[in-house]
Amino acid sequence: MDDFLVRYNDWANHKQKEHLATHAGKVSQETMILVQEELNALGTLTNTSNKLNATNTATTLRGKISGFLSIAGLKPLALDALYVRPLLPITGKALFVEHAQQNMVEYDSLLLLLDDKVSDELYHSNTGLCFRSIHGTLNHMLIGDIVWYERLQGRDVSRFDRYWKRPDEEMYATKDSEQIDWEDFVSDRKEMAASIRKQAVLWKEFVEGLNETLESSYKKNLGHVLFHVVNHGMHHRGQVYAVLKMLSIDL
């Protein structure tokens, strides 16, 4: 697992640097100052002994950078997925149980912060993120969690196709968007928080119920999928934190 995490972080950091080198001149100095702060924080993680904790932190930091760039009007680089070549197989479930537990904790921390610091008006407003609002971003995270949870249990998830199987200009919001489909899956803020917490518990229970070697009939490497599901949440939580930081909300 450690070899995989090192490989993933090396790849993600490299792609992030490439992306910034290409687009740095298109955003304001103020945005680049915020980006540099997160890059500096990333640089302190390289010698961390707990590779899983370091990866989760790094993914969130890269998500914040992605959020800053999205708010500045650029389509951010998605670094939550698995594009490591060659892909290294991941086996053994212990770290994935820990990963799922951390996922629950991180979701809960964000939701408590939003409850405490973010008004309904700000929560539902166009913040410049890909999915328009904080609420739209949380909906995207929740749908992703549900789709993978149900897919891994052999259930039909075609009802969610309408969210992904569309051109980018229909999938993502613009600075002028007043509404986006992602915001309607769960429309109520309190119901959203409860749904996210419930799904995070279901995911942890699912991972705990897997066999120790992660043997599976699933067509993809199960370890990669287990990593991606939590990594996806870490990435988009970082984007939400970027919004809060740009609004000078104390994190």
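The values are calculated or read from the model by the stated rules, or taken from the named source; none is laboratory data. All values derive from a computational prediction rather than experimental measurement. Neighbour counts run over all protein chains shown; Cβ positions are idealised from the backbone, glycine included. Surface accessibility is based on the protein's heavy atoms, side chains included, excluding ligands, DNA and RNA. Shrake-Rupley method; radii C 1.70, N 1.55, O 1.52, S 1.80 Å.
What does the extension gain come out to for ASN40 and LYS198, with contour length at 0.36 nm per residue minus their alpha carbon separation?
53.4 nm
If one computes the Cα centroid of the range 97-120 and of the range 191-230, what distance in Å separates the two points?
For the range 97-120 versus the range 191-230, the Cα centre distance is 17 Å.
Contour minus end-to-end for TRP11 and ILE249, with contour as 0.36 nm per residue of separation and end-to-end as the Cα-Cα distance?
82.6 nm
If packing is taken as the average number of other Cβ atoms within 10 Å across a peptide's residues, how do 176-184, 152-160 rank, most packed first?
Most protected by this proxy first, the peptides run 176-184, 152-160.
Along its principal axes, what span do the Cα atoms of the range 41-81 show, with the longest given first and each in whole Å?
Here the Cα extents, ordered largest to smallest, are 36, 20, 9 Å.
After finding the eigenvalues of the alpha carbon gyration tensor for the range 115-177, what semi-axes result from the square roots of 5 times each, listed largest first in whole Å?
26, 17, 6
Given the C-alpha atoms of the range 152-199, compute the convex hull and give its volume per residue in Å³.
Dividing the Cα hull volume of the range 152-199 by its residues yields 108 Å³.
Taking R0 as 22 Å, what's the FRET efficiency between ASP184 and ASN50 from their Cβ-Cβ distance, rounded to 0.05?
Rounded to the nearest 0.05, the efficiency is 0.05.
Leaving ligands, DNA and RNA out of it, report the carbon-plus-sulfur percent of the accessible area of the range 112-207 at a 1.4 Å probe.
The computed percentage sits at 47.
How charged is the neighbourhood of LEU34? Take every other residue with its Cβ under 12 Å from the Cβ of LEU34, and add Lys/Arg as +1 and Asp/Glu as -1.
Charge balance near LEU34 sits at -1.
What does the net charge come to around LEU142 if you take all other residues with beta carbon closer than 13 Å to its beta carbon, with K and R at +1 and D and E at -1?
-2
Helix-derived [θ] at 222 nm for the chain: sum -39500 (n - 2.57) over DSSP H runs of at least 4, divide by residue count, nearest 500?
Taken over the chain, the calculation gives -21000 deg cm²/dmol.
Suppose R0 equals 51 Å. What FRET efficiency, 1/(1 + (r/R0)^6) with r the Cβ-Cβ distance, do THR174 and TYR218 give to the nearest 0.05?
0.90
Between ARG162 and GLU30, what is the label-point separation in nm under the 7 Å Cα-to-beta-carbon projection?
Label at GLU30, label at ARG162, 3.8 nm between them.
I'm checking a number: the convex hull volume of the Cα atoms of the range 1-155, normalised per residue, in Å³. What is it?
Cα convex hull per residue, to the nearest whole number: 141 Å³.
Got the relative contact order for the chain handy, in percent, Cα pairs under 8 Å and 6 or more residues apart?
32
Treating only the Cβ atoms of Lys and Arg (+1) and Asp and Glu (-1) as charged, compute the dipole magnitude of the range 28-170 about its Cα centre; round to the nearest 20 debye.
Using Cβ point charges on Lys, Arg, Asp and Glu, the range 28-170 gives about 620 debye.
Would you kindly state how much longer the chain becomes between GLN153 and LEU210 on full extension, computed as 0.36 nm times their sequence separation minus their alpha carbon distance, in nm to one decimal?
Length gained, GLN153 through LEU210: 19.4 nm.
Please list the non-local residues whose amide H lies under 5 Å from the amide H of ARG132, H modeled 1.01 Å from N, same-chain partners needing a gap of 5 or more.
Amide H neighbours of ARG132: ALA173.
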